[in-house]
Amino acid sequence: MIAYIRFEVLRVLHNPRYLVFLIVMPVAFALIWAKQGPGVMVAMAVYAACGGALLGSGNTIAEDRLTGWVRQLRVTPLPGRAWLGGKVVQGMLTVLPGLVAVGVVAVVKGQIPPGRWLEILVVMLVGSLPFVLVGVFVGLLVRGKTATVALMIVFFTLMFLGGVVGGETLWSWAPTHSLLDAGLNVLDGRTIGVTGLLNLGIWTVAAGVGVLFRVRRA
C-alpha cells in the first residue's frame, strides 16, 4: 500500500498543472500581497491546502475511472478499503508541497516565526481532510476532464464563500472560512474556536458519508 501511495503522490507532483496552480500561484500571491500582513500568508496556506486536497485525489480517481484503471485494480491483491484509504492519504500528502512553499515565503519575509508557522502547517494539514473527502467524492461522481472542471468550480466557490479570496466572508459555514479562522487564531496565539472545529467536523462526516455511498454503488 505504501508503494501505491508513493506512486500516486509522485504522479500528481509530476503534473505541471498541479505545480503551477497549487504551488506557484499561492506563492506568487503571497509575495504580491505580503505587505498586507501575515494574514495573507494564512489565506494562501488555506488556498494551497484546499486546492491540493480537492485535486490531489479527485483528479486521479476521475482519470482512473475513465481509463479503466480502477477496474484493473480490482483484480489485484490491493483491497478496496486500502485503495480508498490510500487515496485519502494521497490527497493529504499532496497538500504539503504548497504549504511548505508558502511557509518558506512567510518565514523568509519575516511575516511569521518558524515555530508558529509549523503550528499553522499542522492545522492546515489536519483541516484539509474534509476537502480531501469532497475531492474523492467528486472523483467518484464524475469522470475524466469533467471532474477537473467540477473540482475547480468547487474550489473557487469555496474560496470566495469563505472569504479566502475577495476579503469578505459570504458564508460563515463554508469549510474554508473555518479553516482560515483556525489558522488566524493560531497566528495570533489564540485558541481555535469550537464552532469552526465543529463545522469542519460536520463537513468531514458529510463528505465521508457521500464517499462511502458512492463506493458502495460502484
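The values are calculated or read from the model by the stated rules, or taken from the named source; none is laboratory data. Note that this is a predicted model, so its numbers are computed, not measured. No Cβ is skipped: glycine too gets one built from the backbone with ideal geometry, and neighbour counts run over all protein chains shown.
Of all residues in segment 187-218, exactly one satisfies the criterion of being more than 19 Å from the chain's Cα centre (by Cα) and closer than 17 Å to ALA49 by Cα, namely LEU187.
The residues in segment 116-166 that are aromatic (Phe, Trp, Tyr) and touching a Lys or Arg at 6+ places or on another chain (Cβ under 9 Å) can be counted, and the count is 1. Quick one: in segment 103-116, which of the residues that are buried (at least 18 other Cβ atoms within 10 Å of the Cβ) and touching a Leu at 6+ places or on another chain (Cβ under 9 Å) is farthest from MET25 (Cα to Cα)? Filtering segment 103-116 for residues that are buried (at least 18 other Cβ atoms within 10 Å of the Cβ) and touching a Leu at 6+ places or on another chain (Cβ under 9 Å), the one farthest from MET25 (Cα to Cα) comes out as ILE112.
Only a single criterion out of (1) of a type outside the set (S, T, N, Q); (2) assigned to a helix (DSSP H, G or I); (3) more than 16 Å from GLY39 (Cα to Cα) is not satisfied by TRP173, namely (2). If the condition is being among the charged types (D, E, K, R) and modelled with pLDDT under 95, then segment 138-197 contributes ARG143, LYS145, GLU168. The criterion of being touching a Phe, Trp or Tyr at 6+ places or on another chain (Cβ under 6 Å), β-branched (Val, Ile, Thr) and either modelled with pLDDT under 75 or surrounded by fewer than 16 Cβ atoms within 10 Å (Cβ to Cβ) (or both) holds for VAL12. Yes or no: VAL88 crowded, with 24+ Cβ neighbours inside 10 Å and touching a residue at least 12 places away in the same chain (Cβ under 8 Å)? Considered against the rule, which asks whether it is crowded, with 24+ Cβ neighbours inside 10 Å and touching a residue at least 12 places away in the same chain (Cβ under 8 Å), VAL88 comes out as no. Scanning segment 132-181 for residues that are closer than 20 Å to VAL40 by Cβ, surrounded by 15 or more Cβ atoms within 10 Å (Cβ to Cβ) and of a type in the set (Phe, Trp, Tyr) yields PHE155, PHE160.
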